[in-house]
Structures are given as C-alpha cells and as structure tokens.
Amino acid sequence: MEQPKVLLCGKHDALLQAMRMSSFAAFEVAEDNGIPATRQDAEMVVILHNPPVFDGMPVLRNWRREYPQVPVVVATSDYSGATTRLIFKSGAMDVLELPVDKERILAFYEAYLPHYKQGKKTKKPRMFTSSQALMAAVAPGMLLASPGNMSAATPFSIFPEQHHIEQGIAGNSGGFSVSFFGHFKILFRGRSIEMTGQAKLLFACLAYHYPKALTKDYLAKVFWPDKFENAPESARRSLNVELAHIRSAFQEQAGIERGFIRFEQNAYRLQHPWEFESDVLKFRQLYKQVQEFQRQGAHVPEGILQEAIQLYSANFLDDFPADSYNWIDVERQHLSAVFEQIADLRSEQLFAKGNFWEALAVCSDILSRDVRMEAIHRRAMKCYARLSMLHKVEAQYSLCCRMMEQEFQSKPSVETIRLYEEIRANG
C-alpha cells in the first residue's frame with residue numbers, strides 16, 4: 001500500500017517544515033506540484049492564503065470542485081472576519097492561523113486523517129500546552145485540553161461526539177438547556193439564569209466546549225488579550241473575578257454549588273451530574289444524519305432538513321458583535337456554511353418536485369436570516385426562471401451582487417454568473 005500523502009499548496013518553508021516534523025513519518029508531506037496523479041493520492045490538503053504574496057482562494061475553490069472528498073485546511077495570515085467567512089463559504093473545513101507551530105499542525109492531522117493515530121507510536125498521554133489550546137479555539141478542528149505534556153491531541157471536529165440528545169432543546173427539566181443560535185440563553189431545570197455580559201460570554205465559551213477543558217491562560221488571553229500581553233497576572237485575576245460571578249449567579253438563582261466549574265491541572269471545565277442540551281448539539285447531530293444519508297447515496301428525509309432549518313433560528317451567538325473574539329467568529333462562519341448546505345438541499349428537494357413557490361418560500365426564509373448565502377440566491381433565481389418571472393431573476397441577481405460586494409468585496413462566483421447568463425440567454 002502506498003504511503004498516505006498530505007499536500008501543501010503555496011510556498012511557505014516554515015509551514016512545510018512544521019507539517020513534516022509533525023507527521024512522525026506516518027505519511028508523506030509534499031508541496032503540490034500540480035500533477036493530477038499526485039493530487040488524486042492526497043488525503044488532506046493545506047492551502048496557503050497569505051495575501052498579497054499568495055492568494056489561495058482560487059486554489060481552494062478549484063480543489064473543492066475537483067476533489068470534494070479531500071479535507072481542505074486554509075493556512076492564512078489574514079484572520080479578519082470577512083476573510084474567515086469567505087474561506088468557509090469557499091469550502092474549507094478548517095482555518096489555521098499563521099504563524100503556526102508543529103503542535104497545531106499535529107492536531108489537524110489527528111482531526112482529518114483517521115489512520116494517523118493508529119500509525120503513530122503509542123506514548124504515555126500528556127496534556128495540551130496553552131498554544132495548542134489557543135489553536136483549538138481559533139480553528140474548529142481542535143480539542144482543547146489542560147496544559148502540561150501531551151503526546152497526542154484528540155481531534156475535535158466541528159461536530160464532535162457529544163451526549164446523545166433524545167429530545168429537543170425546550171423541555172429539558174433535568175439539567176442545563178443552552179441556546180447558542182441568536183441570543184445566548186441559559187436555563188437550568190427550566191429556570192433562566194441571568195448574569196453580566198462578560199461572565200455570560202465566558203460561560204458560553206465553557207458551555208460550547210463542554211465537556212472539554214480550557215486552560216487558564218487560554219481563557220485569559222482570549223477574553224483580555226491586551227492585558228494578557230502586558231500583564232498576564234492581571235488578566236488571570238480578571239478571569240477569576242468573572243468565574244466568581246458565574247458561580248455566584250448559579251448558586252443564587254439555581255442553588256447550584258460553586259464546584260460545578262472545576263479547576264484542575266491549570267484548566268477549567270464544567271463538571272456536573274445533570275443533563276446537558278443545546279441547540280448547537282442537536283444541530284450537529286442532525287447534520288451528521290444528513291451526511292450519513294448522503295454517503296449512502298440515499299434520499300435525506302424532509303423531516304431532518306426541516307428540523308435543522310428550524311433549529312438554526314439565527315447566527316451563532318448573534319447578540320455578540322462580529323470579530324469580538326476569534327473563536328466566536330470562526331464557529332459562526334462554520335455553522336453558517338453548514339446551514340447553507342442544509343437549506344440548499346431542502347430547497348433542491350422542493351425544486352426537483354416542481355414545488356417552485358414552496359422552494360421560494362424556503363429561500364426567502366433562509367435569506368431573511370442570513371443574506372450572505374449565495375447558493376440560496378441561485379436557487380431563488382432558478383425558481384423565478386421556472387415561473388417565467390425574469391424581472392425577479394434580475395432583482396435576485398442584483399441583490400446577490402450587492403451582498404457579495406458588501407460582505408466579501410468581490411463579485412458573485414463563476415457558478416452564479418454563469419446561471420444568470422444562461423437564464424437571460426434562454427429567457
């Protein structure tokens with residue numbers, strides 16, 4: 001059997017060296033030479049996006065179109081919200097911030113190369129360093145763990161394995177019920193828990209990564225970056241203050257003892273005996289079901305798609321401003337891209353049945369929540385064309401163009417432009 005291969009698209013000596021050092025000779029790491037046979041053998045590709053030196057967006061789109069089964073990670077020095085949204089919309093599975101070290105690359109290998117763990121020598125487990133913890137949050141393919149020494153990171157996919165949820169978010173009377181889509185809400189045994197803004201967001205971070213641990217320095221650096229850079233101890237004290245507010249809020253409003261936020265091995269995590277449910281966990285489970293049907297080449301039941309669309313009531317943590325924290329923005333864009341896939345699949349089903357008005361209603365509902373979903377603009381254009389409403393096609397295309405310019409400072413994709421021109425030519 002040939003050795004598995006990971007490709008790097010773009011010239012970056014430090015990144016290439018880190019990728020090779022992290023491979024432990026379990027597979028080959030090579031620079032993309034454009035040879036078709038070499039590309040077909042790739043099990044993972046890392047695409048460099050380092051503007052203005054190298055623009056990786058065209059490469060990313062080509063890879064996703066030609067090799068949709070290959071996991072793609074984009075390594076970028078531009079970590080702005082607009083760029084992150086564009087990367088995910090273009091089909092990347094993860095984003096890696098430059099500069100990187102080999103420990104961060106290691107976690108990506110374990111997340112996207114299933115054979116990697118089996119191929120490595122077994123070592124005694126060790127714990128994450130704070131740099132790994134930071135990577136795990138800013139790129140959604142990592143698991144966060146406590147610091148120390150650790151031989152292998154455990155992969156944390158954007159839809160990790162979690163406790164099985166048998167019921168919806170509402171009605172969990174036996175424990176925590178947390179809503180991440182739209183405004184962040186916390187219920188414990190049906191009672192709303194209120195707290196101040198910073199403490200609320202800190203709890204959201206702990207709850208989102210539950211049951212994983214987040215290092216003390218990671219939390220201090222994420223929430224108080226300037227203070228952590230100049231006075232780390234002061235940032236840690238600020239963290240302790242907000243954690244105390246969280247503990248007090250749950251103790252006073254729900255009677256929960258303060259120990260439900262555990263601190264051990266220099267890391268914090270939620271630890272409790274109660275059920276834990278959230279809309280994001282349920283959404284992930286539904287998406288896994290969609291993926292399984294698609295892998296089997298089977299029809300995805302309408303009920304699964306409808307439930308997922310209903311759950312995604314608004315963007316992830318929509319009550320917190322964009323670009324406030326990297327981990328929020330990355331997860332927000334990733335979940336939005338998944339939602340776009342699900343919504344497009346549902347509208348495609350209706351379109352295939354000839355239910356054009358119903359498909360348009362779905363498109364309108366989706367775009368009212370997030371106008372950035374280009375695939376849904378295309379579906380609406382197709383529906384209007386089938387209904388012989390060419391003026392509506394023009395209006396939809398104009399709206400899509402304005403959206404792309406405002407959100408991404410670019411034109412619509414080649415696919416969207418081609419569809420518009422075909423409709424006009426056949427009109």
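Brief remarks follow.
- In straight-distance terms, cross-link reach from LYS185 covers every one of the aspartates and glutamates whose alpha-carbon lies under 13 Å from its own, apart from those fewer than eight places away in the same chain; here that gives GLU194, GLU277, ASP279, ASP318, ASP319.
- Each of ALA25 and ARG418 was given a label point 7 Å from its Cα along the Cα-to-Cβ line. The distance between the two points is 4.5 nm.
- Between ASN266 and ALA425, the FRET efficiency estimated from the beta carbon spacing at R0 = 56 angstrom works out to 0.30.
- Taking all Cα pairs closer than 8 Å and separated by 6 or more residues, the relative contact order of the range 190-273 comes to 37 percent.
- Stokes-Einstein translational diffusion, the range 279-427 - Kirkwood Rh over all Cα pairs, 1.567 mPa s, 4 °C, in µm²/s: 80
- Gyration tensor (alpha-carbon) shape descriptor, the range 353-427, a/c threshold 1.5: oblate
- Sequence-ordered 3J(HN,Hα) estimates for the range 410-427 from the Karplus curve with 6.51, -1.76 and 1.60 and θ = phi - 60° stand at 8, 8, x, 5, 4, 4, 5, 4, 4, 4, 4, 5, 5, 5, 5, 5, 9, x Hz, glycine and proline given as x.
- Förster radius 45 Å - calculated FRET efficiency between ALA298 and VAL371 (Cβ-Cβ, nearest 0.05): 0.90
- A viscosity of 0.692 mPa s and a temperature of 37 °C, combined with the Kirkwood radius over Cα pairs in Stokes-Einstein, give a translational diffusion coefficient for the range 258-303 of 240 µm²/s.
- Ordering of 360-371, 208-219, 39-50 by burial proxy (mean other Cβ atoms within 10 Å per residue, highest first): 208-219, 39-50, 360-371
- About its Cα centre, the range 190-273 has a charge dipole of approximately 160 debye under the convention of +1 per Lys or Arg Cβ and -1 per Asp or Glu Cβ, with nothing else charged.
- Backbone geometry of the range 179-189 corresponds, through the Karplus equation with coefficients 6.51, -1.76 and 1.60 at θ = phi - 60°, to 3J(HN,Hα) couplings of 10, 9, 7, x, 7, 5, 10, 10, 10, 10, 6 Hz, x marking Gly and Pro.
- Estimated FRET transfer efficiency when R0 is 45 angstrom, pair LEU390-GLN253 (beta carbons, to 0.05): 0.20
- For the range 190-273, the extents of the C-alpha atoms along the principal axes are 41, 25, 19 Å, listed from largest to smallest.
- Built amide H within the under 5 Å cut-off of PHE316, gap 5+: GLY182
- Listed values for the range 385-395 are Karplus-derived 3J(HN,Hα) couplings in whole Hz (6.51 cos²θ - 1.76 cosθ + 1.60, θ = phi - 60°), namely 5, 5, 8, 6, 10, 5, 5, 6, 4, 4, 5, and x replaces Gly and Pro.
- Potential lengthening between SER398 and GLU66 on full extension [0.36 nm per residue; Cα-Cα distance subtracted]: 116.6 nm
- In loop segments of the range 240-326 as defined by DSSP, the GluC sites (Glu not before Pro) with at most 14 further C-beta atoms inside 10 Å of their C-beta are GLU257.
- On full extension, the segment bounded by GLU358 and ALA244 gains 36.0 nm, given 0.36 nm per residue less the C-alpha separation.
No lab work stands behind these numbers, since they all come straight from the coordinates. Predicted model, so just to flag it, every value in this text is computed and none were measured. Positions of Cβ are generated from backbone atoms using ideal geometry, with glycine treated the same way; all protein chains shown enter the neighbour counts.
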